[in-house]
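The values are calculated or read from the model by the stated rules, or taken from the named source; none is laboratory data. Being a predicted model, the structure only gives us computed values, none of them experimental. Virtual Cβ from ideal backbone geometry, glycine too; neighbours counted across all protein chains shown. Ligands, DNA and RNA are excluded from the accessible area calculation, which covers all protein heavy atoms including side chains. Shrake-Rupley method; radii C 1.70, N 1.55, O 1.52, S 1.80 Å.
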Amino acid sequence: MNACPREPEVVDAVMRGNWQQAPEALRELRAHAASCAACGELVTLAQALREDHAVVCRAADVPAAGTVWWRATIRARAEAAEKAVRPITFAQGLAGASLAGVAAAFAGIAWRTFPSLPQPDPLVMLALGLGVCIVIAPLVLVFALARD
Amino acid sequence: MRDVTLSSLERLGLGAADAEEKLTFCMDEDAFRLFYDRTARPVWAYLARITGDRQLADDLLQESYYRLLRSRAVLEDEAHRRNYLFRIATNLAHDARRRAPMDTAPLDDGIEHDQPDPRTAGDATGRAVRRMDLSRAMRQLKPRERSLLWLAYAQGSTHFEIAQTLGLKTGSIKPLLFRARRRLSALLQEGAR
Ligand SMILES: [Zn+2]
């Protein structure tokens, strides 16, 4: 079966809901649909879908506009609050990492005041300090976000 | 849908006025109410039919309007806004169905059928059976085919509107629609046998 050039006319008539009433003006189109496989099939499907649309729309139990607006407002505000919290959590992460860095530096200085203890290479100490910061920063972030 | 309160705002010391400043909706409340009252039922019907799930349609309806309100797209007139809303609804429904494909088995769509008038009870029963067959056949189509058919023949959208809603080229609608129609017709005939 091939598409028919008269399909738009047929769809238009069905959508207007006057296919069944068959006004005089549609007589010729109806006769065409009766003998054209594509248009005949189209009429059957379009009528069924149109009818279903009317029933489903009637059955729709949608919330009131005011309720949907109110929920959207609440949600938008909460999202705005969440956005405002985000820079704070990043700052908390940074502060945590800095604190860990300072603590590591002090520990290093304190270590050096005891010459009896084994004294590692300063480069190893630096790498160790950086490593601590890298581990601590995400941990602080995770805890800060979990609290929210 | 997330259930949220203002408590997190209050904890931050952000008052209602500050929060209001951060609320950027693409229309004001009066315009929204008018628009919603004109579109909510058709959007719900579309969502219910293409997802086959009333509950999901309820959730996606709220989500669709929220995304529309928050959108930064330039929506010049009501027709454009409406197409955009249906596009959001389509994407949400198709995403939901990708995560949880539609069950093709159940017959009852949960949508009540017309109360039969005793004088036309035969007609009403016939219509109910036709609707049930249609519902079952629709469920066996691909999501895009369902959308195409519903938009074209249930809603009477033009090819341009359908293209806008589904993110397709206007010229591709005619052959796609024809193929979807043929498939639906074949499924209905199969069901009748
Ligand atoms: Zn024809």
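A Cβ distance below 6 Å, combined with a sequence gap of six or more or placement on separate chains, defines the contacts here; from the range B:135-163, residues that are open to solvent by 20 Å² or more (accessible area, probe 1.4 Å) reach residues that are basic (Lys, Arg) in the pairs B:PRO143/B:ARG97. Which ones in the range A:75-114 are β-branched (Val, Ile, Thr) and surrounded by 15 or more Cβ atoms within 10 Å (Cβ to Cβ)? Result: A:VAL85, A:THR89.
The residue of the range B:76-105 that is modelled with the highest pLDDT, among those that are part of a loop (DSSP other than H, G, I, E, B) and of a type in the set (A, V, I, L, M, F, W, C), is B:ALA100. Restricting to the range B:154-176, give me the number of residues that are under 19 Å from B:ALA93 (Cα atoms) and in a helix (DSSP H, G or I). Residues in the range B:154-176 being under 19 Å from B:ALA93 (Cα atoms) and in a helix (DSSP H, G or I): 7 in total. Of all the listed residues (A:ARG50, A:ARG27, A:ARG16), the sole one being closer than 21 Å to B:SER157 by Cα and surrounded by fewer than 17 Cβ atoms within 10 Å (Cβ to Cβ) is A:ARG16.
Taking the listed residues B:ASP117, B:ASP108, B:ASP133, the one that is at pLDDT 75 or above and either farther than 24 Å from A:ALA13 by Cβ or within 11 Å of chain A (Cβ to nearest Cβ) (or both) is B:ASP133, with no other qualifying.
Of A:ARG58, A:ARG50, A:ARG16, all but one fail to be at the interface with another protein chain (Cβ under 7 Å from one of its Cβ atoms) and under 23 Å from B:ALA40 (Cα atoms); the exception is A:ARG50.
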